[in-house]
Amino acid sequence: MAESKNESSTASTDVETQPQTNRIERDEATPAAPGALEYDYTNFYFGAGDDAFALLEPFDDWWQQVRPSGYYLYELPLHSQPSTRVDVEDTKTGEIRRGLVNFASYNYLGLSYRPEVKQAIKDAADLYGGGSSGSPILSGTTDLHRRFATEIAEFKGTEAAMIFPTGYSANVGTIAGLMRSGDLIVADQYAHASIVDGMILSKAKSRFFRHNRADDLDKKLSGFAGKKLVIIEGVYSMDGDTPPLAELVAVCRKHGARLMIDEAHSAFVFGENGKGVAEDQGFDADIDIHLGTFSKSLGGQGGYTAGSRQLINYLRGFSRSRFFSCALSPVVVAGLRKALEIASKEPELRTKLWDNVAYMQKLLCDAQVPMGDSTSHVIPIMVRDDARIFAMGEEIFREGVFINPVKYPAVGKHKSRFRMSISAAHTHEELEEGAAVIVKVLKRYDICP
């Protein structure tokens, strides 16, 4: 076991050297060319010329320069389950950093590695094998898929539900499956990329209203006489805040618009029964389309759409992202069914999660760390320093915390941040340790006093 090259690494973080082949090829000591860090992905979106590959070489030249300067912090390989502590491969140094406090993974209820969930997965593998080997409408549907769809509908309190391979495909398939050219879709300006892509594929007229502003939604819907769909989220993934449903529902009623809510980050954790923000705010019955994922709170994979029986039957024939995809693996479905059972039977998991959220918010607030307007388990640490966020991220990573840096174009320019995910499985000691590292680094950069 090699010692860490970074003397400031926490004592609890062990470091193990990886083979040289896993390291970034470019010499980490060579600085990026002047101006290279001022560019980002958007500078390589359009290019001149007739060759579809014309942008590949200039992009690769830029990528080889900037990756060691911080972009390597994305796609770092984990060598452990997504628990509250993780072993992460440092592709810049070729080391495995062990025992990092994990604020990067979702897994909000700590269910992905529960023994019961893993056993359900093993049992399903023995019976069904590894994958579905077919699309849902042909050979890919098993009895597990059917039962799980029924269980999701019962949990959400809807007539029916449909399972998708991913949350992304759920949004794309539902939106493009329902709306057509000549219709109108209005989404919150902070809507997830999968929502935006679904809007584009639908060929409907697309508008965006100012974040959580019912008055602006009213303006965007005014004067349109055709079919209208409004799309919002339960918890906005980069800001951690929730929508004002009372105001938004009133505007939708006024204009005869259908309302869809993506509860990817809020289902199974918000509300008295964990059904989501719609339940928490008392507007379950006013939502026309309930959509969410299984990769966040249930710690698995996949997505769902829940609503009326007629809606789900229609989408079976028109959701191309489901229709033409291989069905979710039955071993994943088995784990998800067990995770849903645990989440339903153990409401104390949600209680523990919200206790941890309050505890972390206090730790950060006491240190005067800027956190934005989060009211959830997704806590943005607002750095607002695009030029230095990667340098901060490297120091936080090397000193024992795994957390995601986020900068433009994932968020607006000068709105860079670290996105912190809190789990019910975190101990107070882990929260304290992680907060201490983050605060120490932020102080070096004058982000907090």
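The values are calculated or read from the model by the stated rules, or taken from the named source; none is laboratory data. Because the structure is a prediction, the values reported are computed rather than measured. Counting neighbours? That spans all protein chains shown, and the Cβs are built from the backbone with ideal geometry, glycine included.
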Check: Does residue 255 count as over 17 Å from residue 195 (Cα atoms) and not polar (S, T, N, Q)?
Finding: yes
Check: Of the residues 188, 183, 215, 197, which single one is under 18 Å from residue 251 (Cβ atoms), under 19 Å from the mean Cα position of the chain (by Cα) and modelled with pLDDT of 95 or more?
Finding: 188
Notebook entry, point to check: Has the range 264-279 got any residue that is farther than 27 Å from residue 419 by Cα, touching a residue at least 12 places away in the same chain (Cβ under 8 Å) and assigned to a loop (DSSP other than H, G, I, E, B)?
Noted result: no
Check: Looking at 357, 406, which one is surrounded by 22 or more Cβ atoms within 10 Å (Cβ to Cβ), under 27 Å from residue 98 (Cβ atoms) and either within 20 Å of the chain's Cα centre (by Cα) or among the aliphatic types (A, V, I, L, M) (or both)?
Finding: 357
Notebook entry, point to check: From 396, 312, which residue is farther than 28 Å from residue 174 by Cα and assigned to a helix (DSSP H, G or I)?
Noted result: 396
Checklist line | Within the range 166-247, strands (runs of 3 or more DSSP E) holding 1 or more residues that are touching a residue at least 40 places away in the same chain (Cβ under 8 Å) and under 28 Å from residue 421 (Cβ atoms) | finding: 184-188, 228-233
Next item on the list: Taking residue 184 as the residue in question, decide whether it is buried (at least 24 other Cβ atoms within 10 Å of the Cβ), at negative phi and touching a helix residue (DSSP H, G or I) at 6+ places or on another chain (Cβ under 8 Å).
Entry: no
Notebook entry, point to check: In this structure, does residue 138 turn out to be of a type in the set (A, V, I, L, M, F, W, C) and surrounded by fewer than 21 Cβ atoms within 10 Å (Cβ to Cβ)?
Noted result: yes
Notebook entry, point to check: Is the range 51-69 home to any residue that is out of contact with any Lys or Arg (no Cβ under 8 Å at 6 or more places or on another chain), more than 26 Å from residue 410 (Cβ to Cβ), free of Cβ contacts under 8 Å to residues at least 24 places away in the same chain and surrounded by fewer than 13 Cβ atoms within 10 Å (Cβ to Cβ)?
Noted result: yes
Check: Residues that are at pLDDT 90 or above, on the phi > 0 side of the Ramachandran plot and in contact with a strand residue (DSSP E or B) (Cβ under 8 Å, 6 or more places away or on another chain): which strands (runs of 3 or more DSSP E) entirely in the range 1-116 hold 1 or more of them?
Finding: 95-102
Check: Which of the following residues is in a loop (DSSP other than H, G, I, E, B), at pLDDT 95 or above, hydrophobic (A, V, I, L, M, F, W, C) and not assigned by TED's automatic domain parsing to the domain that holds residue 244: 410, 425, 387?
Finding: 425
Notebook entry, point to check: Would it be correct to say that residue 197 is under 21 Å from residue 303 (Cα atoms) and buried (at least 18 other Cβ atoms within 10 Å of the Cβ)?
Noted result: no
